[in-house]
Amino acid sequence: MTQLPQQLINGVWQGAALALFAMGYTLVFGVLNVVNLAHGATFMWGAFIAFVCVTKLNLSLWYSIPVAMIGAGFMGVLLDRLAFKPLRSLTAGSLVMWAGFLVLLTGMLGDWSPGTRRVVILSGSVVLLAGLIQDFRSVRPLRQREVPHLAPMISSIGATFILVSLAMGEFGAQVSRFPMNLFPIKPYQLTSNAVISPIQALVLVLSLTLMIILHLLIKRTQMGRAIRGIAWSERTSRLLGINVDFVIAQTFFISGALAGAAGVLLGLAFNRLEPTMGHEVELAGLTVIIVGGMGSIGGAALAAFLVGMIRVLSVAYIDSSFRDAFVFGLLILVLLIRPSGMFGRSKVSRA
Amino acid sequence: MPDFLSHNITVINFILINMALGLSIYLTLSTGLLSLANAGFMAIGAYTTALIITRTDIPLGVAIVPAMLLAALVALPLGMLVLRLRDVYLAIATLGFGEIVRIAALNGDKVVRWFSDNKDLIVFNGAEGITLSYVTPKIVLGLPDSTWPLLIYLLVVTYLAFTLQNSRYGRVLASIRQDETAAHTLGIDVVRYKLLAFVLSAAIAAGAGALSAPVMRVIDPRNYVFSKAVDILAYAVLGGMTHWFGPIVGATVLTSLPEILSFLKDQRDVANGLIIMISTIYLPGGLVDPKMWRSLAKFVLGRNTSGSTA
Amino acid sequence: MYRDMSLIEPKPLLEIDGVTKKFGGVVAFEDVSFNIYPGLTCGLIGPNGAGKTTLLNAISGLIPLSMGEIRLSGDTLSGLPPHKIAARGVSRTFQNIRIFPELSVVENVMIGWHLNNKGTLLETFFRLPRSRMEDRESRKSCLGLLADLGMEDLSGLQAGALSYGDQRRLEIARALALKPRLLLLDEPAAGMNRRETDELFEFLVMLKNTALTILIIEHDMDVIMRISDQVVVLNFGVKIAEGSPDSVRNDRRVIEAYLGEE
């Protein structure tokens, strides 16, 4: 038991990073009632964007983290516009976006010469952006209907596959690592038998800061009020003149940025980046948002620490290969006993 | 054997397996249940059969029975637990089940050894999985002997799906999908019918898994992960979820497409992802959507008649 | 008339006995009691939000009661799931139409007929005579039911493609296929035009003459007053009056709470 304090510390910083991931997850659910299963892919891309900034563009870590967050945030917005928004209301802009997206994919995956590849990717991106702008401006959708049962979830599963394969193509299936000298490694001695490395401390501090910022954003700003309003009733918000589509885009941006931040931080802490890294956190994140009560940001934050702790302790005291079995055990248990979550049924409005 | 067959026999075998898997998820989807457990049940079927045929002389055609029964036995209590969950929650819980099956296959030997005296016992063989010995294919009645069981199984499963859809059971399952509450107040024991669909679906997936064992030859946990569950879902989504013919078409297209468009081979996942997204957004009824084809026919025929009068 | 009948027929079919339903702190209805006698039609009226639909939901088992008991022929319905209550002979329609839009019209009715089928799954799979015969018979009976409602021409159509009034009629046909002892109708005339309402009224009178017991919620006072043997008035979840249509019409409290508004 002498290692218990150390394990608790590990549980706390991992829980904090998991909380970042899960809060964005649950935020989108609260607003749209949609489980965005591509959230883990956004997380992974956040990590890789920072990786590219550091290794290819020679940016310092302090610039790379915000760049990764912004990149992942935009990825979140694109995800909404490609995978979810067309289900709610399909516009001419959505069609153009999709055309651009397909060109972009062909560019990224096809067997082109570097010059052609650049041109195809660029033109795809331009069309995609034009479609996006058109989609934001259009007021008369081609099709507007009740979102079919299960469709958003299935659509986001498709998006996950694309995003993960793109990363495979770009970075390979093997593990990528940040340069070793990026961060001091000498750990701080906390107590006689517990240490925390600088990077772990950074994860903890940054996660807590972002959690506080999110809390203030939701509670204190006009945007936060609009988000809570839509979570409570989209129709009422629309009648009150809130630009629902724009607020949803903002929500996806925040959600994506948080996932991106979590990706960079966990990627740094374990110094292990791989295209499939989203799967694992996806499943842990699902557990967190269900344990915390779907849509409850505060609940997700609390549950993240619980799940983080369970993961760390099951590895330390039982067997690493059973870690996910414990997480799933908790998931199924909570689903069966209290599907509304252990921390109440509160939605974003009561975050 | 004709050239076409001998060149493509593996693909054809996989199409047959995937058709059966598509029909298995069709059963739950047509009841309105998004269950992602079928890859897990497929694993149960494949492992059970592989263990039986590597350790005994029992033939495949018999080994499939315990495999299907075991899956049904697992599905029954699991269904009782999770089927009262709705939509997203059910999907997540069944996803969790799939992961637990994978973890169990990966670590099963640790548990087995714990109960046994032999501390080097190998049953599931962790990540390496179970390898079946190679058997030279024989041609029976113009088809390889590995294809016949698959073909027969598919015919049986298709018959079941067809009969079910056109029976009162199929009507009841469809009514549950369309309005569970209304069905409930009309005297339909919703839980029982959902359980029926879930257990049948599990058994069918396990049967497909069992028959896939000799075709795959290596049964390891990687074959039954989340992405297999999504593959299966994609068959039904692309083909259509309201008619049994949908998943058959979906499985055929998705399994043969990477072979036909060989440049897609490395990008199978992207193609799958795109097909899933595009068909959910733009083809909500799937390729086999009676409503869509009817209106299309009306459109075309309507044009024709007006053309002839003009 | 209602009081006279109750003397002849001492055993009520449906007993609502001191029922209360609270959602959190909000009271949907409180301590409501009344009986419905076999073969009679009871109108349940009251302003919007009076708790009428919630009471119907409680009778059909969709929501549990907070207090009190509901009995059918003396047997309690409390704690029974909706399908068991349906099997005991209670069927209903919904205020917001809930047909199965992707099934055909006759198939919708066949779902209501479903409880009459005994064929097992195995019989179905092997197409044994009983299951095939049952299928033919249920289709025939359901077509007959549709004919009673003048809908035989529509039987092959997709239910979702029907007009609003036809969907309402289909919902009633489906509920009748259950061969209920008690039929619960939640605003069957809502959204219907005058002609459709009149047709519906004629049909309801015909149903009434088959000795079917009916509990009907309706905003069309004309229909309620003409068809009901007994009227129960709810206001803010409390029963404020009960009696024959005439006595309720002249009840001061009812006029204040409800009719006065009109």
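Some notes on this structure:
- Amide H contacts for A:VAL195 (H built 1.01 Å from N in the peptide plane; partners 5 or more residues away or on another chain; cut-off under 5 Å): A:LEU190.
- In plain terms, if you count all Cα to Cα distances in segment C:77-214 and split them into 10 Å steps from zero, the share in each step is 12, 40, 35, 12, 2, 0 percent.
- Rounded if a/c under 1.5, otherwise prolate or oblate - chain C, Cα gyration tensor axes: prolate
- Against the rule of thumb 2.2 N^0.38 Å, how large the Cα Rg of chain A comes out: 1.00
- Set of segment C:22-61 residues, backbone N closer than 18 Å to the point 7 Å along the Cα-Cβ line of C:LYS11: C:35-40
- Shown here for segment C:76-163: chymotrypsin sites (Phe, Trp or Tyr not before Pro) in loop regions (DSSP other than H, G, I, E, B) with at most 13 other Cβ atoms within 10 Å, namely C:PHE126.
- Here the sum of -39500 (n - 2.57) over DSSP H runs of 4 or more residues, divided by the residues of chain C, equals -11500 deg cm²/dmol at 222 nm, to the nearest 500.
- Rounded if a/c under 1.5, otherwise prolate or oblate - segment B:1-134, Cα gyration tensor axes: oblate
- For segment C:100-161, average projected area of the Cα convex hull in nm²: 4.3
- Acute angle (nearest 10 degrees) that the helix B:3-29 long axis makes with the longest principal axis of chain B, alpha-carbon atoms: 80
- Note on A:ARG177 and A:ILE70: the model spin-label points, each 7 Å out from Cα along the C-beta direction, lie 3.1 nm apart.
- Shielding by other protein chains, B:73-84, mean Cβ within 10 Å: 1
- Taking the Cα centre of the protein assembly as shown as origin and assigning +1 to Lys and Arg Cβ atoms and -1 to Asp and Glu Cβ atoms, the resulting dipole is close to 1260 debye.
- Spin-label pair B:LEU143-A:ARG238: with each label point 7 Å from Cα along the Cα-Cβ axis, the two points sit 5.2 nm from one another.
- Candidates B:VAL140, B:VAL237, B:VAL190, ranked by Gaussian network fluctuation over chain B, Cα under 10 Å, top entry: B:VAL140
- Whole-Hz ³J(HN,Hα) from phi, Karplus 6.51 cos²θ - 1.76 cosθ + 1.60, for segment C:67-81, glycine and proline x: 8, x, 8, 10, 10, 10, 6, x, 8, 5, 9, 4, x, 7, x
- Peptide packing for B:201-212, C:166-177 was compared via the average number of neighbouring C-beta atoms within 10 Å per residue; ordered from the highest value, the list is B:201-212, C:166-177.
- Seen through its C-alpha gyration tensor, with square-root eigenvalues sorted a ≥ b ≥ c, chain B comes out oblate because a/c lies at 1.5 or above while a/b is not bigger than b/c.
- Annotation: amide H-H contacts under 5 Å for C:PHE29 (H modelled 1.01 Å from N, sequence separation of 5 or more, or interchain): C:LYS21.
- The phi torsions of segment C:168-177, fed into the Karplus equation with coefficients 6.51, -1.76 and 1.60 and a -60° offset, translate into couplings of 4, 5, 4, 4, 5, 4, 5, 5, 6, 4 Hz, rounded to whole numbers, with Gly and Pro shown as x.
- Distance from the alpha carbon centroid of segment C:72-137 to that of segment A:226-283 works out to 44 angstrom.
- Within 10 Å of each Cβ in B:95-103, the average number of Cβ atoms from other chains: 5
- Cβ-derived FRET efficiency at R0 35 Å, A:SER340 paired with A:SER320, nearest 0.05: 0.65
- Two-site label geometry, B:TYR134 and C:MET221: point separation in nm, points 7 Å out along Cα→Cβ: 9.0
- Net charge, A:ILE212 excluded, C-beta distance under 12 Å - Lys, Arg +1, Asp, Glu -1: +2
- Other-chain or far-sequence residues with amide H under 5 Å of B:ASN125's (modelled H): B:ASP109
- Residue-averaged 222 nm ellipticity for chain A, from DSSP H runs of 4+ at -39500 (n - 2.57), nearest 500: -24000 deg cm²/dmol
- For chain B, the longest site-free run once trypsin sites (Lys or Arg not before Pro) in DSSP loop states with at most 12 other Cβ atoms within 10 Å are removed: B:139-310
- Under 14 Å, Cβ to Cβ, from B:TYR193 - net charge with Lys/Arg +1 and Asp/Glu -1: +3
- Within the protein assembly as shown, all pairs of alpha-carbon atoms sorted by distance into 20 Å bins from zero give the percentages 12, 39, 35, 12, 1.
- C-alpha long axis of helix B:268-282 to longest principal axis of chain B, angle in °: 30
- Rounded to whole Hz, the Karplus (6.51, -1.76, 1.60) HN-Hα couplings of segment A:104-115, x for glycine and proline: 4, 4, 4, x, 6, 9, x, 8, 9, 6, x, x
- Among the residues of C:72-84, the average count of other protein chain beta-carbon atoms within 10 Å of the residue beta-carbon is 2.
- Helix axis angle, C:129-148 relative to chain C longest principal axis, alpha carbon, degrees: 50
None of the figures in this text is laboratory data; all of them are computed from the coordinates on show. Values in this document were obtained by computation on a predicted structure and should not be read as measured data. Methodologically, a virtual Cβ is constructed for each residue, glycine included, from the backbone with ideal geometry; neighbour enumeration extends over all protein chains shown.
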